[in-house]
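As structure tokens, the structure follows; a few thoughts come after it.
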Amino acid sequence: MAEASLGGHAAAVETTTGLDHRKMVMWAFLGSECLFFGSLISTYLVYRNRSLTGPFPQDTFDIPYTSVSSFVLLMSSLTMVLALAAIQRGNVRGMRTWLVATGLLGSVFLGGQVYEFTTFIAHGLSLSRNLFGTTFFVLTGFHGAHVTVGVVILFSLFLNSLRGKLTRENSLVVELAGLYWHFVDVVWVVIFTVVYLLPY
Amino acid sequence: MQTDVAGTAKARAKERAHPHPMEYVKVAIVLAIITGAEVAVYYQEALRSVLVPILLVLSASKFSLVAMFYMHLKFDSRLFSALFTGPLALIIAVLVALLALFHRVLLGV
Amino acid sequence: MATAEHAATTHQPDRRRYEGIWSWIFTVDHKKIGVMYGVTAVCFFLIGGIEALLIRSQLMFPNGKVVSPDQFNELFTMHGTTMIFLALMPLSVAFFNIVVPLQIGARDVAFPRLNAFSYWVYLFGGLLLNASYLFGGAPNAGWFGYANLTEVPYNHSSYGIDFWILGLQILGVSSMAGAFNFLVTIINARAPGMTFMRMPLFTWMTLVTSFLLILAFPVITVALVELMFDRLFATNFFNPAAGAEPILWQHLFWLFGHPEVYILILPAMGIISDVLPTFARKPLFGYPVVAYSGVAIAFMSWGVWAHHMFSAGLGPVANAVFSVTTMLIAVPTGIKIFNWIGTLWGGSINFKTPLLFALGFIAMFTIGGLSGVMLASPPADWLENDTYFVVAHIHYVLFGGTIFGLFAGIYYWFPKVTGRLLDERLGQIHFWLMLIGMNVTFAGMHVLGMEGMPRRIATYPPGMGWDTWNFIATIGAFTIAVGMLVFIYNFFASVRHGQVAGPDPWDGRTLEWSIPSPPPPYNFARIPIVRARDPFWVQKYGDAGHGHGRVVPMPVAGGAHDAEEARADEHGEGIHMPDPSYYPIVAALGLAVMLAGVILTNLILGNPPGTQPAWPPSWVAFVGLVVFLYGIYGWALEPVSGHSS
């Protein structure tokens, strides 16, 4: 069973289901990530409204602000899928443009997170301050770490495409990066709702 | 699950049935509208009592749209959907159980 | 593509061949990786066994003075953690590695480098965990590490708990990497004609176990992250003073922990399901039912976790619910046992060592299952929990179950791996010593538990009525040790001088017996076409006794795969196997060092244990990160060109 490298040639190895090994493993990985984020979200929800001292969520959150940054991340999914559509039609330059757009939007989201967190910290919230600080920062922190890894992956793909290594034939790697990116976005959809929007 | 060339070709053809890029933009517009609706509902005092179910439904819709169209699950092999929705269903069930165990909601205890 | 590759490499010298130990360190061959897993796992099993012997020596007499109470806590913690994570699970993975590709007619797993990576991560994780002994003390809060006993205010005399968190997180990466690999391999790399219902049961159970692994480990990852953050960064996940509930740890841990025990038993059940038909010369009775029972067990394992928490005060409704689900999960398990008995019934029994261990499995696991059902009743559990009754239960199912199953597998597949048989007489001696030793050790513990002896106590006073059974248990433990010595001697003697086995020493039923022993690097010179369950038996004797066969459409000739097959001759010339690679071990090393650099920051910087916040991480973490990134990027960008075998 020849194993094609991620960046190298993507020979279609005969498989029992006709599906690519790497795509299958990515979906299995995303399934396991549901358990990972789900457990962190479960912890957050179990401890919701259980902080004994402030700052409390209702005094801390800036819903309009976070709505905007959530929207930014959501739109980055659009640019990501447009990057994939481009390379699947053989349009390498188009893919590069959309990859950069996705990375930029993701970075804007991250920057927005950093600003939001520093504001919260300035208002007295911290990892160790109370139960809200603990569960909030760890949940959103791990999500942010996943976004960061995604940005690094996108940047790596961009560099690789400059070396001419990304073509229509091996576009699977862009598709896999896209699946990861969309998943991270979808996790934020859940977090934004259950952490920010559910009333306290 | 047997290997046969016809099935393999069919699987690959199905994978290649991509929406046109404009379809993706349309999905993005719908996502934006739903996000706007979420924020709007959040500020409606009149809807406070049904806020939680509405928000859950709206965010589930966004989740499904991204999964089905951007992640292409609607057009791909059902195995991929199973690999993703199975664990998702599991963790939702676990979450409900944990909420019940901690908040004693639904148990009447 | 294969054509171009073949032409390009045929006349080049082998660019990436290594000799000696390097051929092991850089291997991506599943058979070599499996051997490394197996040898390493047996070594850790012996370490865990020594820890057990020290425990039993301490408890042999009342008011024992062999070890101090603190040392005793470290011993039972490390014994449990080592046996579960460093011995039993990796030994199962050794078999996944060696056997599954052979059983499904594949040349390798889906991701050979990921396979190598998962082994090296396991080795480094196991070494790091045991390094705790050298750096001030091993973990001491039990293999289940209940919060908030593991929190800094209650546990800061050593870095033991930090080592425990580190070790388990690293091992989790290893387990999950392996599971992803086998999941995809079994779904996607089966030989033509091998439908799911024609797979050997061991492969079936490997598939089910792989799903359990990828779903259960993220939960304990989160629990360990939360504990780690509490210890290192003073978060409040398990801090009652901040409004948290330490019982959350128990829920998260057992949400992982119960699927984990099925992860421990299902592979052994798979081995038994392959061994019994071979040594009864009869097909597995009720094959679909056995397979589906395994799937049912996996599903149901998610609904029973709080039976580990009956005495934690969840309330009568919760207790009742989990009691019912726990009793229900005994049903598919019992179904399997009846099917195994049905397999033996009327068979032509060949009493070789693999079968002896399989029979021992059925008997001992049944006993363990019965005590388990007793524990499923909350009122009974309130008397039995945290007593030696539970110790008896877990060792009957894990020792009498898993370990016996794994030894059945060792005796069964050793000839395939080495080309030689393990000595049969020594094998029988080993079996009887283990069977007798095991029962002498653990049978009396049922009584000890009923008589009120708690678990995890370093000493007990005389006059409690516990002296006799403790003494007997220690005798049993040393009997087991003697049995292990016999096995080790047998192993080394047989590797060198054992009777030559040939490809099919047991008149086997499944595909692994259709190729030479040991197998060539490419496993199958020609990928087999599978037309029935027990395909090799059918090939030899025409019918497996399953009755009607179903016609399966065969692949049309043509395509890269078949072109390669056509060129490959009987000796496998021209078959491409993936090149060895050093990126897996580099990435594994980087990962282990990076995580150690974060979690052991206090140790590395010379701060007392529990100093908070342990931030920023030590410089070691950044070195690890650089090495890890180098390994990952190298791996991703490495061209995988095959070389001719």
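List of remarks:
- Some residue of the range C:79-92 being outside any helix (DSSP H, G or I), touching a residue at least 12 places away in the same chain (Cβ under 8 Å) and touching a helix residue (DSSP H, G or I) at 6+ places or on another chain (Cβ under 9 Å): no
- Tally, over the range C:574-602, of residues that are touching a Phe, Trp or Tyr at 6+ places or on another chain (Cβ under 7 Å), in a helix (DSSP H, G or I) and surrounded by 24 or more Cβ atoms within 10 Å (Cβ to Cβ): 5
- Taking the range A:1-36 as the range and being polar (S, T, N, Q) and either at pLDDT 95 or above or under 19 Å from C:Ala191 (Cα atoms) (or both) as the test, the residues that pass are A:Thr15, A:Thr16, A:Thr17, A:Ser32.
- Condition check for A:Leu19 on (1) part of a loop (DSSP other than H, G, I, E, B); (2) farther than 30 Å from B:His20 by Cβ: one failure, at (2).
- Residues of the range A:86-96 satisfying the condition of being polar (S, T, N, Q) and touching a residue at least 12 places away in the same chain (Cβ under 8 Å): A:Gln88
- Any hit, the range C:477-494, residues being more than 30 Å from C:Val100 (Cβ to Cβ) and surrounded by 21 or more Cβ atoms within 10 Å (Cβ to Cβ): yes
- Unique match (being at pLDDT 95 or above, at negative phi and crowded, with 24+ Cβ neighbours inside 10 Å) among C:Val173, C:Val109: C:Val109
- One residue alone among A:Ser161, A:Ser156 is part of a helix (DSSP H, G or I), of a type outside the set (A, V, I, L, M, F, W, C) and in contact (Cβ under 8 Å) with a residue 60 or more places away in the chain, and that residue is A:Ser161.
- Any hit, the range C:219-235, residues being buried (at least 23 other Cβ atoms within 10 Å of the Cβ) and not in a helix (DSSP H, G or I): yes
- Any chance C:Gly476 is touching a strand residue (DSSP E or B) at 6+ places or on another chain (Cβ under 9 Å), within 26 Å of C:Thr77 (Cβ to Cβ), of a type in the set (Gly, Ala, Ser) and at pLDDT 95 or above: no
- Selection within the range B:72-87 - part of a helix (DSSP H, G or I) and either touching a Phe, Trp or Tyr at 6+ places or on another chain (Cβ under 8 Å) or facing chain A (nearest Cβ under 8 Å) (or both): B:Leu79, B:Phe80, B:Leu83, B:Phe84, B:Gly86, B:Pro87
- The residues on offer are C:Tyr154, C:Tyr146, and the sole one that is among the aromatic types (Phe, Trp, Tyr), surrounded by fewer than 24 Cβ atoms within 10 Å (Cβ to Cβ), touching a residue at least 40 places away in the same chain (Cβ under 8 Å) and closer than 21 Å to C:Ile220 by Cβ is C:Tyr146.
- Flag for C:Ile50 being closer than 19 Å to C:Tyr489 by Cα, of a type in the set (A, V, I, L, M), assigned to a helix (DSSP H, G or I) and under 25 Å from the mean Cα position of the chain (by Cα): yes
- Sole residue being assigned to a helix (DSSP H, G or I), of a type in the set (A, V, I, L, M), free of Cβ contacts under 8 Å to residues at least 60 places away in the same chain and out of contact with any Ser or Thr (no Cβ under 7 Å at 6 or more places or on another chain), chosen from C:Ile362, C:Ile335, C:Ile367: C:Ile367
- Residues in the range C:236-252 that are more than 11 Å from chain A (Cβ to nearest Cβ) and part of a helix (DSSP H, G or I): C:Gln250 only.
- Pairs where the first residue, in the range C:115-141, is free of Cβ contacts under 8 Å to residues at least 24 places away in the same chain and the second is surrounded by 19 or more Cβ atoms within 10 Å (Cβ to Cβ), C-beta under 6 Å, 6+ apart: none
- Breaking point among (1) away from every other protein chain (no Cβ under 11 Å); (2) over 14 Å from the mean Cα position of the chain (by Cα), for C:Thr209: (2)
- Here A:Ile121 fulfils each of the conditions (1) within 14 Å of chain C (Cβ to nearest Cβ); (2) touching a residue at least 12 places away in the same chain (Cβ under 8 Å); (3) surrounded by fewer than 17 Cβ atoms within 10 Å (Cβ to Cβ) apart from (2).
- Considering each residue of the range A:167-181 in turn, none proves to be among the small types (Gly, Ala, Ser), surrounded by 16 or more Cβ atoms within 10 Å (Cβ to Cβ) and away from every other protein chain (no Cβ under 14 Å).
- When residues of the range C:618-640 are limited to those that are assigned to a loop (DSSP other than H, G, I, E, B) and either within 14 Å of chain A (Cβ to nearest Cβ) or free of Cβ contacts under 8 Å to residues at least 12 places away in the same chain (or both), the one surrounded by the fewest Cβ atoms within 10 Å (Cβ to Cβ): C:Pro639
- Checked across the range C:26-33, the condition of being modelled with pLDDT of 70 or more, closer than 30 Å to C:Phe471 by Cβ and among the β-branched types (Val, Ile, Thr) holds for no residue.
- Qualifying residue in the range A:53-75 (condition: within 15 Å of the chain's Cα centre (by Cα), surrounded by fewer than 22 Cβ atoms within 10 Å (Cβ to Cβ) and more than 9 Å from chain B (Cβ to nearest Cβ)): yes
- Residue in the range B:59-71 that is farther than 23 Å from C:Leu212 by Cβ, surrounded by fewer than 19 Cβ atoms within 10 Å (Cβ to Cβ) and within 7 Å of another protein chain (Cβ to nearest Cβ) present: yes
Residues are listed down the side, and each one gets a yes or a no for (1) modelled with pLDDT of 95 or more; (2) among the charged types (D, E, K, R); (3) in a helix (DSSP H, G or I):
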position: A:Gly54; (1), (2), (3): no, no, no
position: A:Gln58; (1), (2), (3): no, no, yes
position: A:Leu73; (1), (2), (3): yes, no, yes
position: A:Ser77; (1), (2), (3): yes, no, yes
position: A:Met80; (1), (2), (3): yes, no, yes
position: A:Leu84; (1), (2), (3): yes, no, yes
position: A:Met95; (1), (2), (3): yes, no, yes
position: A:Val100; (1), (2), (3): yes, no, yes
position: A:Val108; (1), (2), (3): yes, no, yes
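The values are calculated or read from the model by the stated rules, or taken from the named source; none is laboratory data. Computed from a predicted model, the values in this text were never measured in an experiment. Cβ coordinates were reconstructed from backbone atoms using ideal geometry, including for glycine residues, and neighbour counts include every protein chain displayed.
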